[in-house]
Amino acid sequence: MGLVLAALSAAGSTFADQWKEYFYCDALSADTICVKGIKRTSGFSGNHGSDNIITDGSIIAVADGQCMIIVENGQVVDICAEPGEYKYDSKTEPSIFTGSLGEGVKNVFAEIGKRFQFGGQPAGDQRIYYFNTKEIPGLKYGTAAPVPFRVVDARANMDITISVKCFGEYSIKIADPVLFYTNVCGNVSGAYKVSEIENMMRSELLTALQPAFAAISAKGVGYAEVPAHTYELTETLNEILSKKWKELRGIEIVSFGMNSIKANEADEKRIQDLQVAATYTSTIHAAAGQTYAGIEALQNAAKNEGGAAVGFMNYNAAAAAAGVNPNALYAQAAAEQAAAPKPEAPAEGSWTCPKCGKSSTGNFCPNCGTAKPVDAKWICPKCGRENDGNFCANCGTARQ
């Protein structure tokens, strides 16, 4: 059983008289995954009695963004994802046209495809199904309960777990129609809509969010920065869900959008307090913080209800109790900066490797072996003329 591209096998105008039935599919809506093919029967058809028989010589049309499969007695026997019109021939082997779906579909077809021949004739029940292979957008998700998110900040020596809520949209694509038909929709009588599987996918997606969040937070991405890293989330979610979605159902996540992610107020304050405290481990930042606090305290002292004198008295008492002098901190920061090792000046004639960033003076990087980049222009060491070739245009000196 196979499909032959009609445009390649046509032999004049008389070929049209050999077409028995014409199977096609109208434009698939964005919420439709699969639909049974429509048969438009001509007056020459020898098969008017049953809708589930495909007569030899029938034409099957496949449009852009569609994949067509032929099913015999509930088993997939042929597949086509390349646009065109194809002639049906039950006496030939399956002709698999996978188009952009790739070799993976061929491998799956080989595993669960046709196993038996019926004396070269079609079996008793044959159906055609069309799958939507375009991106299916607008699938919504939202966390009813908070999801754990690990916050890692090496600068603040912080590694804590907080609870976040998030919502947004994602899109999917049917990457392997054979798997989806075999393991999900089966012999659907009409159309299979996204809504029939959406609730289950949403539940599995939210379950996968926790390890996905853990993966990107390990890279140092803060929870407030997550909406800017949706590409990494998409890749991670596909990897986590590959067993259930891609390998079992033939579904892939194309894009993942996050409209909002929010931690509770207590967790947000805890992060801010730790980050602020971490800044004061630097002497210069501690001096600046003490100076700012002193200025603010002076302003509040001047507004004291008991009079400015009382306010300044309280300020002086508080400063003495603190035992920290901003000027001393600034002096300490200057001393630390002076004692810090200075970066070495680059050696004469050194260059930086564009691949690994290591400095070198030779013709090849000692770290990765990348050749020294050649400057477009050079100065002749003999006459001082600027050149862009291998020899000086003025005196003929070779480029060094």
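Derivation of every value follows stated rules applied to the coordinates shown; laboratory data play no part. In this text, all values refer to a predicted model and were calculated from it rather than measured experimentally.
Applying the Karplus relation 6.51 cos²θ - 1.76 cosθ + 1.60 with θ = phi - 60° to region 228-239 yields 3J(HN,Hα) values of 8, 10, 5, 5, 4, 5, 4, 4, 5, 5, 4, 5 Hz, where x marks Gly and Pro. Fully extending the segment from Asn367 to Asn387 would add 4.1 nm, taking 0.36 nm per residue of separation and subtracting the current Cα-Cα distance. Each residue of region 139-149 is assigned a 3J(HN,Hα), and the resulting list reads 7, 9, 9, x, 8, 5, 10, x, 10, x, 9 Hz, derived from the Karplus form 6.51 cos²θ - 1.76 cosθ + 1.60 (θ = phi - 60°), x at Gly and Pro. Near Ser255, the amide H atoms lying under 5 Å from its own belong to Ser171; only residues 5 or more places off or on other chains count, and H is placed 1.01 Å from N. Checking the Cα-Cα distances for Lys219/Lys358; Lys173/Lys243; Lys173/Lys219; Lys36/Lys91; Lys39/Lys91; Lys36/Lys243 against a 19 Å cut-off, the pairs over it are Lys219/Lys358; Lys173/Lys219; Lys36/Lys91; Lys39/Lys91; Lys36/Lys243.
For Met158, the residues whose modelled amide H falls within less than 5 Å of its own, excluding neighbours fewer than 5 places apart on the same chain, are Asp153. With a threshold of 21 Å on the Cα-Cα distance, the over-threshold entries among Lys134/Lys165; Lys165/Lys193; Lys140/Lys262; Lys165/Lys246 are Lys134/Lys165; Lys165/Lys193; Lys165/Lys246. Considering only alpha-carbon pairs that sit under 8 angstrom and 6 or more positions apart, the relative contact order computed for region 124-237 is 30 percent. Fully extending the segment from Val152 to Asp125, taken as 0.36 nm per residue of separation minus the present Cα-Cα distance, adds 3.8 nm.
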